[in-house]
Structure formats: C-alpha cells, structure tokens
Amino acid sequence: MKKLAVGVCTVAAVAALTIGTKKYLESTDKKVAELEAQVAFMKEDCVPMRFEIVQKKDAQIQVKVLMYDVRTDQSVGRTGTFTLPGEELHVDSQIIKLSDGNFIFFPCGLYTDMMAMTESEKLYALYDENGFPSIYSASIATRKDGSEVPQDDRVALGKELSGYFSLVKDGGESQSAEQYGTAIHDLKTIAQFKPGFVYELLCHPHTGGIEIKKAD
C-alpha cells in the first residue's frame, strides 16, 4: 500500500480489563528476564498494522488491512478486506505490559458507530501462524545488535509470545504466582477520513500508548 502524509485522529474511549498472564516458560527468573528483554524494542515506536479506507459510501466503510513485523516493518500474514456499516471506524487493540517500559501490542478488531464492540471484525487471524503472532517474528530471530538468537531461546520466546497471544484471543483469565499482567483494550476512532488514504497503528512500546495516523 502507498504511504501518505501524516495526519491525526481522535480518541474514542479506553476500556481496561485486567487479566492474570501466566508464564508459559519453565525457566529461571533470569532466563525469563532475558526473554522479555528480547521483546523490548530498539525504537520508540513501531507499526504492527496499516489499513486503507477503500470506500466510504451509503453508510458503509470498506477497509483493507495489512499486518507488519514490528521490528523490520515488512508485511506479514494475510491481507483482510472488511465492509462495515457505519460512518466512524473504531480500531481496537490489546496491550500487555511485560514490565515497566516494555509493552507488547495485539491489533484486535474493527467496528463502527453502528456496531457493538462484541460484533467487531476480529483481526487475529490475519497474523496468527499456528498460534504465534507473526508481527513478532523478527523479535525472536535476532537480537538488538543484529546477532542471531540461539534456537533454544528462540523456541522459548516464541512459546511465551504465543501464550500471551492465546490469552488475548481467548479473552480468558489466568493467574500465576510468577507474574500478573494487564491487558488493555485501547480504542481509537477515525471520524474524519478519506477513501484512498492509508492509516497506520502507531504503537509506543516504552509507554504503552497507541495512535492512528495517516501513513507517510
């Protein structure tokens, strides 16, 4: 998709849901810390998702969605096209805090002012690779310095990320003595948008914040 000039969006609402996120690793605390550090991003922001407003007509919005690797910015997964009734587009994401200054993001769903949140078009299938969130593929393959992650660590980190992804997808609650986490539904709304424009979900891994902006 063509990237376009920077713009701004309005914030609709933020609803928080606290869930217990248990560890999916049988490892020492030190090992867990190393793996969580691997998910910490080199950049102050990343873009796991871009979407194009294909058409807005007769109280309907047609949206084309693509997912991107948060580290390499390369397209991953599958492309989805959705036609939704309404005038305003809501983008729902879930955010999990791993530790202070380290957050991971999962684009969740699309819905409009004429749809209930429970009727949202889910986005998980676009980047679900056998239970692993493909937007984090590069995060388990290479370290911040560019060196390759050892296979055992790669498997362990993949298992941990898949565990968080599963909790978010299932909407379930799980508790562990080792760790508790917070999954936050962050809703953003685009009321003033134009067909043919591409928007991006801009995430800030060190603060947990999210914006929607017109792509460059």
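For segment 90-148, how many residues meet the condition of being more than 23 Å from GLY80 (Cβ to Cβ) and of a type outside the set (D, E, K, R)? Within segment 90-148, residues that are more than 23 Å from GLY80 (Cβ to Cβ) and of a type outside the set (D, E, K, R) number 10. Can we say GLU129 is at pLDDT 85 or above, more than 15 Å from ARG78 (Cα to Cα) and touching a strand residue (DSSP E or B) at 6+ places or on another chain (Cβ under 8 Å)? It is false that GLU129 is at pLDDT 85 or above, more than 15 Å from ARG78 (Cα to Cα) and touching a strand residue (DSSP E or B) at 6+ places or on another chain (Cβ under 8 Å). Taking segment 94-120 as the range and being touching a Pro at 6+ places or on another chain (Cβ under 7 Å), open to solvent by less than 10 Å² (accessible area, probe 1.4 Å) and at pLDDT below 90 as the test, only THR112 passes.
Among residues of segment 159-216 being modelled with pLDDT of 80 or more and among the acidic types (Asp, Glu), the one that is nearest to ARG50 (Cα to Cα) is GLU200. When residues in segment 57-97 are screened for being of a type outside the set (Lys, Arg) and closer than 23 Å to GLU160 by Cα, 15 of them pass.
Condition test on GLN151, is it out of contact with any helix residue (DSSP H, G or I) (no Cβ under 7 Å at 6 or more places or on another chain), farther than 21 Å from VAL168 by Cα and either open to solvent by less than 10 Å² (accessible area, probe 1.4 Å) or modelled with pLDDT under 95 (or both)? The answer is yes for GLN151.
The set of residues in segment 191-216 that are among the hydrophobic types (A, V, I, L, M, F, W, C), open to solvent by 20 Å² or more (accessible area, probe 1.4 Å) and over 20 Å from SER75 (Cα atoms) contains only ALA191. Selection of segment 123-141 for residues being out of contact with any Ser or Thr (no Cβ under 6 Å at 6 or more places or on another chain) and in contact (Cβ under 8 Å) with a residue 40 or more places away in the chain yields LEU123, TYR124, ALA125, LEU126, ASP128, GLU129, SER134, ILE135, TYR136, SER137, SER139, ILE140.
The residues of segment 121-145 that are surrounded by fewer than 18 Cβ atoms within 10 Å (Cβ to Cβ) and in a loop (DSSP other than H, G, I, E, B), listed by number, are ASN130, GLY131, ALA141, ARG143, LYS144, ASP145. Scanning segment 70-102 for residues that are of a type outside the set (A, V, I, L, M) and within 10 Å of the chain's Cα centre (by Cα) yields ASP92, SER93, GLN94. Could you tell me whether segment 29-49 includes any residue that is modelled with pLDDT of 95 or more and of a type in the set (Lys, Arg)? There is no residue in segment 29-49 that is modelled with pLDDT of 95 or more and of a type in the set (Lys, Arg).
The values are calculated or read from the model by the stated rules, or taken from the named source; none is laboratory data. In this text, all values refer to a predicted model and were calculated from it rather than measured experimentally. We place every Cβ from the backbone using ideal geometry, glycine too, and count neighbours over all the protein chains shown. Quick note on the areas: whole protein, heavy atoms, side chains included, nothing else; ligands and nucleic acids left out. Shrake-Rupley method; radii C 1.70, N 1.55, O 1.52, S 1.80 Å.
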